[in-house]
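Asker: Let me begin by handing over the structure; questions about it come next.
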Amino acid sequence: MKNKASVFCTKEDDIAQITSTEEEAAQVRALLDTAEQQSQEKKIRRTRKGNMLIKHLVLLKIYIHYGIHWRKPLYPVRLFRNIMLGKIYNLFKLKKYVLRGIEFAITFRCNFRCNHCLCARINESGKRREMDASDYAKIVKDAMKLGATTFGLEGGEPFVSHEWEEVIKACQPHYNHVIISSNGFLFDEEKAKKCAELGVDTINFSMDSGIPEIHDAFRRQRGSHAKVVEGIRLCKKYGIKVIINTVVHKGNLYTDGFLKLLEFAEKEKILVNTLLAKGVGNFQEKDAVLDPEDLKAMEEIVRPYNYVQRHLAYNYGKQFGCPGTKEMINMTPYGDVMNCANMHVYQGNVLEEPLATIREKGLRSPFGLYNPCFLADDRDFMTIYYPLLEQKGHVSLEEFMAAIKVYEKEKGRVLYPNLQQGIS
């Protein structure tokens, strides 16, 4: 039975997994109760005053630190070329896009069992072959022809895969920007040293709260917050850049835990990448997705902080919106191409047809537009997508486009009038 006092969808047995005494369990419950109360109050609280001049200077520093990798001499040249092309396409309103990179979910297997995660449900590794290093090498080569300079490894948990080192090599790390996204629990000094040797530029660690007990409860793993902090220390030791990925939802936006996380990032001078909650996993069972009022509150809450950004703001040509398909592609361990990691509308499979062909098909769908986040900001899209997700773990692009047409007919209006020629 769920602990209804917890805005983090935490169960009593989850609390039991991260505590060894009833006293510890009571302390965690109290922290979760406080978080629930703060979430219900929706009070915008600040721990500091912002300075716009400093914020802009830090933003420039962030772009240089995280965006340009001087140890790879050809990378800045290729990056500059892509940015200029993006600006030109945007200036002349051309429906052309430079592919920035691919996020590879190299496995959906994971050492955690987080309530909010969809991976356990869509893991087909018992029925389908996970791609190997030779598959990734070909995909990377094809993607680079489309302009790609960045390749990421995620999951599940990438360090669960025995192939993670070979996949990094397949990403041509001497030539490209390579990122790993991890929960941090399996990351140790040996892996930090190996990542540095292989040429990994950045590691994104998931952190759900600046309060260790709440992070651990959310992840259902005792000591997981401490492992992230240790992972950050190891990355600094071996010259690997760090980004904190945090999912913002109704249960943490207004809490002390969110503010403490932002304060931690400011102190460590680490970029926080804020991701909006999607209606997947147990977030389907709670109203966790931010509404317009919450989004405005989020802007106010993060305003004084210099090291927090939203991932939709990094597009070539300075266009704000979802970069999926246009600039970034996500891929399952089996070669299925998706718009983003949380949107399991499969546009095609790279083991069956060329990447360029699949992407062109995707660009003629709603994913060809710089929309706000489809799964957090676009209410029509969510109304169509989430019921489909309930029926099965993923759908084809053709099935999804058919569902859009049915919805448009019911509502008597066209959802995406600026689409390119439809899917054939």
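The values are calculated or read from the model by the stated rules, or taken from the named source; none is laboratory data. Remember, it's a predicted structure, so these values are computed and weren't measured experimentally. Positions of Cβ are generated from backbone atoms using ideal geometry, with glycine treated the same way; all protein chains shown enter the neighbour counts.
Asker: Checking G324 against (1) surrounded by 20 or more Cβ atoms within 10 Å (Cβ to Cβ); (2) touching a helix residue (DSSP H, G or I) at 6+ places or on another chain (Cβ under 9 Å); (3) at pLDDT 95 or above, which test does it fail?
Answerer: Every condition holds for G324 apart from (3).
Asker: I244 is checked against (1) out of contact with any strand residue (DSSP E or B) (no Cβ under 9 Å at 6 or more places or on another chain); (2) free of Cβ contacts under 8 Å to residues at least 60 places away in the same chain; (3) under 20 Å from L261 (Cβ atoms) and fails just one. What number does that condition carry?
Answerer: I244 satisfies every listed condition except (1).
Asker: Now for a different question. Let me confirm something: among D33, D14, which residue is out of contact with any His (no Cβ under 6 Å at 6 or more places or on another chain), under 30 Å from I180 (Cβ atoms) and not in a loop (DSSP other than H, G, I, E, B)?
Answerer: None of the others qualify; the one that does is D14.
Asker: Here is a further query. Go through segment 297-412 and tell me which strands (runs of 3 or more DSSP E), entirely inside it, have 2 or more residues that are among the aliphatic types (A, V, I, L, M).
Answerer: 328-331, 336-338
Asker: Among the numbered criteria (1) surrounded by 13 or more Cβ atoms within 10 Å (Cβ to Cβ); (2) at pLDDT 95 or above, which single criterion is violated by P76?
Answerer: The single condition P76 does not satisfy is (2).
Asker: Right, here's the next one. Restricting to segment 352-371, name every residue that is in contact with a Gly (Cβ under 7 Å, 6 or more places away or on another chain), over 14 Å from P323 (Cβ atoms) and in contact (Cβ under 8 Å) with a residue 24 or more places away in the chain.
Answerer: K361, R364
Asker: Next up: Among the candidates F400, F374, F367, which residue alone is surrounded by 15 or more Cβ atoms within 10 Å (Cβ to Cβ), touching a Cys at 6+ places or on another chain (Cβ under 9 Å) and at pLDDT 90 or above?
Answerer: On inspection, the qualifying residue turns out to be F367.
Asker: Taking segment 90-125 as the search range and keeping residues that are in contact with a Gly (Cβ under 6 Å, 6 or more places away or on another chain) and in a helix (DSSP H, G or I), which one is nearest to H215 (Cα to Cα)?
Answerer: Among those that are in contact with a Gly (Cβ under 6 Å, 6 or more places away or on another chain) and in a helix (DSSP H, G or I), it is C119.
Asker: Could you identify the single residue in L99, L118, L94 that is in contact with a helix residue (DSSP H, G or I) (Cβ under 8 Å, 6 or more places away or on another chain), loosely packed, with under 14 Cβ neighbours inside 10 Å and of a type in the set (A, V, I, L, M, F, W, C)?
Answerer: Within the list L99, L118, L94, the selection yields L94.
Asker: Let me ask another. Checking the condition touching a residue at least 12 places away in the same chain (Cβ under 8 Å) and among the hydrophobic types (A, V, I, L, M, F, W, C), which residue from A35, A30 passes?
Answerer: Exactly one residue qualifies, and that residue is A35.
Asker: May I ask you to list pairs of residues, at least six apart or on different chains, whose Cβ atoms are under 9 Å apart, with the first in segment 298-317 being farther than 29 Å from L79 by Cα and the second being modelled with pLDDT of 95 or more and assigned to a helix (DSSP H, G or I)?
Answerer: As it stands, the answer is I301/F258; I301/L259; I301/L262; P304/L262, since those pairs meet every condition given.
Asker: Which pairs do you get when a residue that is farther than 26 Å from A148 by Cβ and modelled with pLDDT of 95 or more, found in segment 166-188, comes within reach of a residue that is aromatic (F, W, Y) and part of a loop (DSSP other than H, G, I, E, B), reach meaning Cβ atoms under 8 angstrom, with the pair 6+ apart or on two chains?
Answerer: Short answer, once both residue conditions are applied: F185/F112.
Asker: Now, a different point. Quick check on L59: is it surrounded by fewer than 19 Cβ atoms within 10 Å (Cβ to Cβ) and in contact with a strand residue (DSSP E or B) (Cβ under 9 Å, 6 or more places away or on another chain)?
Answerer: Yes; evaluated as a whole, the condition is true for this residue.
Asker: Given the options C119, C110, name the one that is in contact with a Cys (Cβ under 7 Å, 6 or more places away or on another chain) and farther than 26 Å from K194 by Cα.
Answerer: Every option except C119 fails the conditions.
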